[in-house]
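*Asks:* Sharing a structure below in structure tokens format, with a few things to ask.
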Amino acid sequence: MRISAVVVIFMTLCLAGVSRAAEVDCVSCHKDLTEGKTVHPAVMMGCAVCHTGVDATKVPHKFTGKLGLAAEPPDLCFNCHKREDFIAADVHPPVSMGMCTSCHNPHRSDQPKLLIAPIPDLCFNCHEKQEFTKKDVHAPVKAGQCLKCHMPHVSPNSKLLQKKGVFLCRQCHANIERQVHVVAGFSSAGHPLKGKQDPLRKGKPFECLSCHVPHSSDWGRLFRYKANDAFGLCNYCHKF
Ligand code: HEC
Ligand code: HEC
Ligand code: HEC
Ligand code: HEC
Ligand code: HEC
Ligand code: HEC
Ligand code: HEC
Ligand code: HEC
Ligand code: HEC
């Protein structure tokens with residue numbers, strides 16, 4: 001329990017201020033917020049750990065601040081969750097904008113991790129589905145396994161990637177670099193797969209993504225460029 005010490009200190013600090021809210025049993029009227037496959041442990045500590053400024057002796061209640069919250073997300077969340085976990089070289093914009101509740105329900109959910117929708121639907125709330133539904137869809141994308149390749153909050157790598165370059169693909173395609181890829185019949189070594197510059201994507205290294213896209217493609221084998229077969233692809237970089 002890496003956050004327990006913080007929680008204890010925080011709760012001690014707010015107990016003095018919450019006595020009025022605590023007089024009323026919030027759950028007697030708001031039971032639905034404490035039910036679901038996942039309930040936020042914070043809710044089990046009592047509504048007043050977050051809603052410090054609610055006078056619920058009457059309905060509608062009187063609120064100090066927005067909904068009587070001690071603070072708004074993300075600061076509210078950082079009372080108990082480590083702020084450092086949300087800082088890195090690459091930060092997902094909804095995270096840097098503090099929009100924690102665009103993905104998480106603060107109370108309860110039928111999804112794991114309090115998510116407001118299952119993955120990938122959650123992602124498609126903000127990202128165009130079209131990029132992921134072309135004719136040839138990569139198996140992990142089809143299976144909705146976005147998090148096999150991406151981190152949801154922050155990453156040391158660009159595009160929130162779990163790993164960089166070939167290391168990402170190697171997790172599931174370790175065999176590709178051991179076999180002759182693409183050019184069997186030309187050379188016994190196979191096509192170079194790294195250590196060169198990408199002739200078409202200026203400034204980027206030559207890698208798996210020089211020829212393939214990660215999500216889906218209108219051409220077979222996740223080709224990055226329009227081609228009916230392997231040889232159609234060669235022409236983009238070579239004049240044989
Ligand atoms: C007697 C029943 C009852 C009790 C007890 C009660 N509530 Fe409510 N609460 C309601 C009703 C009904 C509404 C919706 C009324 C409205 O929209 O104005 C509501 C609305 C709210 C809202 C949302 C207001 C909004 O603008 O969306 C919050 C936050 C809230 N309650 C928190 C609490 C907390 C915290 C407690 C315990 C301290 C509590 N309530 C106790 C009945 C209750
Ligand atoms: C972890 C902090 C936290 C705890 C604990 C918490 N809430 Fe909330 N609550 C929030 C936040 C944040 C919002 C605003 C959500 C949003 O803007 O989408 C909210 C919104 C609400 C609302 C209005 C919108 C809705 O989701 O219905 C009600 C009612 C409410 N809370 C009641 C309660 C009650 C009752 C409890 C205890 C059973 C409780 N909350 C515990 C953080 C919390
Ligand atoms: C009063 C302390 C407290 C506050 C405030 C709080 N949390 Fe939590 N939260 C916890 C505890 C305790 C856990 C369980 C331990 C853990 O996973 O770190 C938890 C777990 C979670 C989980 C994982 C749930 C699971 O099923 O594994 C999510 C997601 C989460 N919190 C989101 C939030 C968000 C978003 C906010 C702000 C709206 C927030 N929390 C505010 C105490 C808090
Ligand atoms: C774009 C959607 C998105 C946003 C925005 C977001 N999260 Fe999450 N969060 C996720 C997903 C997805 C997971 C589940 C990760 C997993 O299962 O590996 C998660 C997991 C968590 C967990 C549980 C971590 C664990 O190791 O169990 C906590 C706590 C959490 N988020 C807090 C927050 C807080 C605080 C914010 C705002 C600063 C926030 N999240 C913003 C999508 C999001
Ligand atoms: C097999 C690994 C993998 C899976 C699975 C995957 N992605 Fe990606 N994604 C990548 C890579 C690699 C990039 C970077 C592409 C580049 O730099 O050309 C990327 C880039 C992105 C981008 C940024 C696009 C841009 O042009 O800047 C978004 C958004 C994205 N992915 C969302 C998703 C979503 C949503 C899912 C699940 C439906 C998903 N990804 C599944 C590997 C993956
Ligand atoms: C609340 C809206 C929202 C949700 C939900 C959301 N994203 Fe994003 N995401 C954005 C925005 C805004 C950007 C920046 C613009 C862009 O690249 O489309 C972004 C960018 C990205 C990027 C590129 C990051 C970079 O460094 O360029 C990736 C990868 C990504 N999202 C993956 C995901 C995945 C995976 C999910 C689902 C778990 C998801 N997003 C859910 C809003 C969202
Ligand atoms: C989470 C596991 C996983 C990761 C990571 C992954 N793949 Fe895949 N990939 C698969 C599976 C499963 C298949 C389908 C079975 C097969 O052909 O091996 C597949 C198939 C492919 C295909 C063939 C598609 C077709 O239509 O025939 C290509 C090309 C491909 N992957 C490229 C990549 C690249 C490039 C990366 C790194 C950006 C990558 N993969 C990362 C799991 C993964
Ligand atoms: C020079 C372009 C190029 C590069 C670089 C490249 N590929 Fe390919 N890849 C192809 C072509 C062309 C095919 C189709 C071969 C065929 O149909 O005979 C293919 C097919 C595949 C397939 C499916 C069929 C098979 O051979 O298993 C996978 C998986 C794959 N590539 C993964 C990768 C991975 C992982 C990397 C990086 C280590 C990578 N590719 C680098 C051009 C490339
Ligand atoms: C996205 C660009 C790209 C595509 C597509 C591509 N190649 Fe290459 N190819 C390269 C690069 C870069 C090199 C390394 C050149 C160098 O050494 O400077 C290379 C090298 C080669 C070599 C020399 C290998 C060696 O050992 O020196 C052969 C043969 C070759 N490619 C054949 C092919 C064939 C056949 C195809 C189509 C199936 C293809 N290439 C598709 C970029 C590409």
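The values are calculated or read from the model by the stated rules, or taken from the named source; none is laboratory data. Quantities reported herein were computed from a predicted structural model and do not represent experimental measurements. For neighbour counting, all protein chains shown are included, and Cβ atoms are generated from backbone atoms with ideal geometry for every residue, glycine included.
*Asks:* Test each condition in (1) under 18 Å from HIS40 (Cβ atoms); (2) surrounded by fewer than 17 Cβ atoms within 10 Å (Cβ to Cβ); (3) of a type outside the set (Ser, Thr, Tyr) for CYS100 and report the one that comes out false.
*Replies:* With respect to (1) under 18 Å from HIS40 (Cβ atoms); (2) surrounded by fewer than 17 Cβ atoms within 10 Å (Cβ to Cβ); (3) of a type outside the set (Ser, Thr, Tyr), CYS100 is out only on (2).
*Asks:* Let me spell it out: the conditions are (1) more than 9 Å from ligand 2 (Cβ to nearest atom); (2) assigned to a helix (DSSP H, G or I); (3) surrounded by 13 or more Cβ atoms within 10 Å (Cβ to Cβ), and ALA88 meets all of them except one. Which number is the exception?
*Replies:* (2)
*Asks:* Would you kindly identify the helices (runs of 4 or more DSSP H) lying entirely within region 20-80 that contain at least 3 residues that are within 19 Å of CYS103 (Cα to Cα) and not aromatic (Phe, Trp, Tyr)? Write out each step before concluding.
*Replies:* On the way: elements: 27-30, 41-44, 75-78.
Fully inside region 20-80 and qualifying: 41-44, 75-78.
*Asks:* Can you tell me which residue among VAL95, VAL54 is surrounded by 14 or more Cβ atoms within 10 Å (Cβ to Cβ), aliphatic (A, V, I, L, M), within 22 Å of THR38 (Cα to Cα) and in the same structural domain as THR38 (by TED's automatic domain parsing)? Lay out the reasoning, then the answer.
*Replies:* On the way: VAL54 fails: within 22 Å of THR38 (Cα to Cα).
Exactly one residue qualifies, and that residue is VAL95.
*Asks:* A further question on this structure: What pairs can you find where one residue is in region 118-132 and among the polar types (S, T, N, Q), the other is outside any helix (DSSP H, G or I) and within 11 Å of ligand 4 (Cβ to nearest atom), and their Cβ atoms are less than 9 Å apart, with a gap of 6+ or different chains?
*Replies:* Listed pairs, sorted by first residue: ASN125/CYS103; ASN125/ILE116; ASN125/ALA117.
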